[in-house]
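*Asks:* What follows is a single structure, and I will ask about it in a moment.
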Amino acid sequence: MPAPRPDLALLPRPSKVSPLGGRLTLGRDTAVRALPGAEPAADLLRSLVGPATGLPLAPSPEGRIVLALDDRLVGLGEEGYGLTVGPQALLLRAAHPTGLLRGVQTVRQLLPAEALLLSGGPAAGPWELPCVEITDVPDRPWRGALLDVARHFQPVGYLRRYVDLLALHKLNVLHLHLTDDQGWRMPVDAYPRLTSVGSRRARSQRGPSGPGGTHFDAVPHEGAYTKAELRGLVRYAAERGVTVVPEIEMPGHVRAALAAHPELGNSPGRSLEVWDRWGVCGTVLGVHEEVFDFCRTVLEEVMDVFPSPYIHIGGEECPTTEWENSPAARERAAAEGLADPAALHGWFLGRIGAFLVERGRIPVGWAVSGTELPLDFTVMTWRDPAHALAAARRGHRVVAAHHRATYLDYAQSGDPSEPVAQPGAPVTLRTVHDYEPAPGEWAEDVRDRVLGTQAQLWTEYARTPEEIEYLGFPRLCALADRSWSGGRGDWPGFVGRLRHHTARLDALGVPYHPLDAGPPATAPAPSGTARPHS
Ligand code: ACM
């Protein structure tokens, strides 16, 4: 495998790259001509490249940088683009505005890495791009990243940076895990206690539980967003072609909500703290009508803030013991004709899913087995690749996110100096890059129902942006490369491009895991097991 030309070491790898001779130099007089509908892409180019380079990239009908929509380019789909860089001009074309946004990120990567600098004023240049012809179309439409802001809150300014990092890699979904046992971050006007009470915990577990017991810090942790912040984030992400998919967990992972509203639980008189431990919490929502009113009201407000077609309602790790022990829940199960109280889980999610469908949204849920949810759910499978196959065979749309390949809270090497991480064998860069969400041996129609994949960054052990980015990078680069390229993804080629791509991560100040650090993982990956969250 020849070493890639550094100036063509693009990540993710485009479908087709034909180097041409020469270079295009951008100067202060280089203007941008945006044809109708291409203005947002021109604005994005200007706002991303302008500050670091000092280039005005002014709008002009005579501009040598031409951005154009052409609806005859249907083969490019929603996100594909064609880019021609010649010695005198640059032409970026797409069938859809989102394709132009993806092409803008390629233009950024063709420039010297200093063009990515986020602060420190304009760098010196020169601002040259290699002449090249690129045609680029992603393999699948869902290339996402979950960030858990419930276990550890991150301010919205950091979420904007995260969106920028995703967009640079052509990842297109930010899945925002907004609520969990340890914190409720979504403002809900009808239930202000969700954030005034549910967004604060008195202390946090430090590290995993072990033979020496469970240890805690003595530091309160809190944080919640305002609706204005979240609307601003949604807008910021949309300008970059990234959809923010909100997740509100139910009927389990709700301890923070129950600390605020014990009347929604199975023992209404009980007083609960926001949980300060990691793991699966036994407290779950009750099944009385007041609970459904609560869920619908919360989701109405969520839908008002998040225009995403997809609304995630969690659904996993819901112990049914409280329902089994509750006369009211047992009575409800019997009245609904359910076999037992455990069946309330599917019934609960089915009701909420139907409500979202009525409102024109697509419910998303974590799979328990892949076959337990109504068919209008998009199913996110994580425990076992067999669940992705089962769900897709059944007719679900599937986002395949197997924990042994996409959970970035596991360490990335077996080196004992790695920071404290989720217990389990490492998830290496290679494992992430090798992950195929819809293996070629599956039937074509089944593979077609796999929307794509996404990385998960659960934050029990990642408290700060630095810790998040150390775990995230370069594994997010691997996920982005493979998920954009699909079966065309090749590991040696990725590694070669990544060695050049690190200059971009350096320019952006990403504290990524060193490429050559750590011995290879030797521990066998426990496949097909439920991931203990504790
Ligand atoms: C999950 O890991 N709780 C989906």
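*Asks:* Does Ala256 count as under 22 Å from the mean Cα position of the chain (by Cα) and within 27 Å of Gln454 (Cβ to Cβ)?
*Replies:* Criteria not met by Ala256.
*Asks:* Considering only residues that are out of contact with any helix residue (DSSP H, G or I) (no Cβ under 7 Å at 6 or more places or on another chain) and within 16 Å of the ligand (Cβ to nearest atom), look in segment 349-385 and name the one that is farthest from Arg447 (Cα to Cα).
*Replies:* Leu349
*Asks:* Another one. So for segment 198-217 (the condition being under 30 Å from Ile362 (Cβ atoms) and surrounded by fewer than 17 Cβ atoms within 10 Å (Cβ to Cβ)), does at least one residue qualify?
*Replies:* no
*Asks:* Being part of a helix (DSSP H, G or I) and touching a Gly at 6+ places or on another chain (Cβ under 9 Å) is the filter here, so list the residues in segment 71-103 that pass it.
*Replies:* Leu76, Pro97, Thr98, Gly99, Leu100, Leu101, Arg102, Gly103
*Asks:* Let me ask something else. In segment 494-515, what residues are modelled with pLDDT of 95 or more and within 15 Å of Val432 (Cα to Cα)?
*Replies:* Phe494, Val495, Leu498, His513
*Asks:* Follow-up question, since we're still on this one. Could you list all residues from segment 386-395 that are within 16 Å of the ligand (Cβ to nearest atom) and open to solvent by less than 10 Å² (accessible area, probe 1.4 Å)?
*Replies:* Those that are within 16 Å of the ligand (Cβ to nearest atom) and open to solvent by less than 10 Å² (accessible area, probe 1.4 Å): Ala388, Ala391.
*Asks:* I want to confirm something. Restricting to segment 309-323 and keeping residues that are within 24 Å of Leu147 (Cα to Cα) and open to solvent by less than 10 Å² (accessible area, probe 1.4 Å), which single residue is nearest to the ligand (Cβ to nearest atom)?
*Replies:* Checking each candidate, the answer is Glu316.
*Asks:* Given the conditions (1) more than 20 Å from Ile248 (Cβ to Cβ); (2) touching a helix residue (DSSP H, G or I) at 6+ places or on another chain (Cβ under 9 Å); (3) of a type in the set (Asp, Glu), which single one is not true for Asp217?
*Replies:* Here Asp217 meets the rest and fails (2).
*Asks:* When you go through (1) open to solvent by less than 10 Å² (accessible area, probe 1.4 Å); (2) over 18 Å from Val245 (Cβ atoms); (3) among the polar types (S, T, N, Q) one by one for Gln154, which number turns out not to apply?
*Replies:* (2)
*Asks:* I'm checking my understanding of the structure. Among residues of segment 276-308 that are open to solvent by 50 Å² or more (accessible area, probe 1.4 Å) and away from the ligand (no atom under 16 Å from the Cβ), which one is nearest to the chain's Cα centre (by Cα)?
*Replies:* The extreme case among them is Pro307.
*Asks:* Another question, if that's okay. Test Ser326 against the criterion of being open to solvent by less than 40 Å² (accessible area, probe 1.4 Å), small (Gly, Ala, Ser), away from the ligand (no atom under 16 Å from the Cβ) and under 19 Å from Arg185 (Cα atoms), and give yes or no.
*Replies:* No, not satisfied.
*Asks:* Working only within segment 117-146, note down all residues that are at pLDDT 95 or above and either part of a loop (DSSP other than H, G, I, E, B) or touching a helix residue (DSSP H, G or I) at 6+ places or on another chain (Cβ under 6 Å) (or both).
*Replies:* Trp127, Leu129, Pro130, Val137, Pro138, Asp139, Arg140, Pro141, Arg143, Ala145
*Asks:* For segment 200-237, what are the residues that are farther than 18 Å from Leu174 by Cβ, touching a residue at least 40 places away in the same chain (Cβ under 8 Å) and touching a His at 6+ places or on another chain (Cβ under 9 Å)?
*Replies:* The answer is Arg200, Arg201, Ala202, Arg203, Ser204, Gln205, Gly207, Ser209, His221.
*Asks:* Is it the case that Val242 is of a type in the set (Val, Ile, Thr), away from the ligand (no atom under 16 Å from the Cβ), crowded, with 22+ Cβ neighbours inside 10 Å and more than 20 Å from the chain's Cα centre (by Cα)?
*Replies:* no
*Asks:* Next question. Here is a list: Gly518, Gly487. Which entry is part of a helix (DSSP H, G or I), at pLDDT below 95, more than 16 Å from the ligand (Cβ to nearest atom) and not hydroxyl-bearing (Ser, Thr, Tyr)?
*Replies:* Gly487
*Asks:* Which pairs turn up if I take residues in segment 443-458 that are within 14 Å of Ala480 (Cβ to Cβ) and at pLDDT 95 or above and look for partners that are within 12 Å of the ligand (Cβ to nearest atom) and among the aromatic types (Phe, Trp, Tyr) with beta carbon separation below 7 Å, at least 6 apart in sequence or on another chain?
*Replies:* As it stands, the answer is none, since no pair meets every condition given.
*Asks:* Looking only at residues in segment 396-412 that are closer than 19 Å to Glu460 by Cβ and of a type outside the set (A, V, I, L, M, F, W, C), which one is farthest from the ligand (Cβ to nearest atom)?
*Replies:* Gln412
*Asks:* Does any residue of segment 449-464 turn out to be at positive phi and either crowded, with 22+ Cβ neighbours inside 10 Å or within 16 Å of the ligand (Cβ to nearest atom) (or both)?
*Replies:* Within segment 449-464, one or more residues are at positive phi and either crowded, with 22+ Cβ neighbours inside 10 Å or within 16 Å of the ligand (Cβ to nearest atom) (or both).
The values are calculated or read from the model by the stated rules, or taken from the named source; none is laboratory data. All figures in this text were calculated on a predicted structure; none of them were measured in a lab. We place every Cβ from the backbone using ideal geometry, glycine too, and count neighbours over all the protein chains shown. Accessible surface areas use protein heavy atoms only, side chains included; no ligands, DNA or RNA. Shrake-Rupley method; radii C 1.70, N 1.55, O 1.52, S 1.80 Å.
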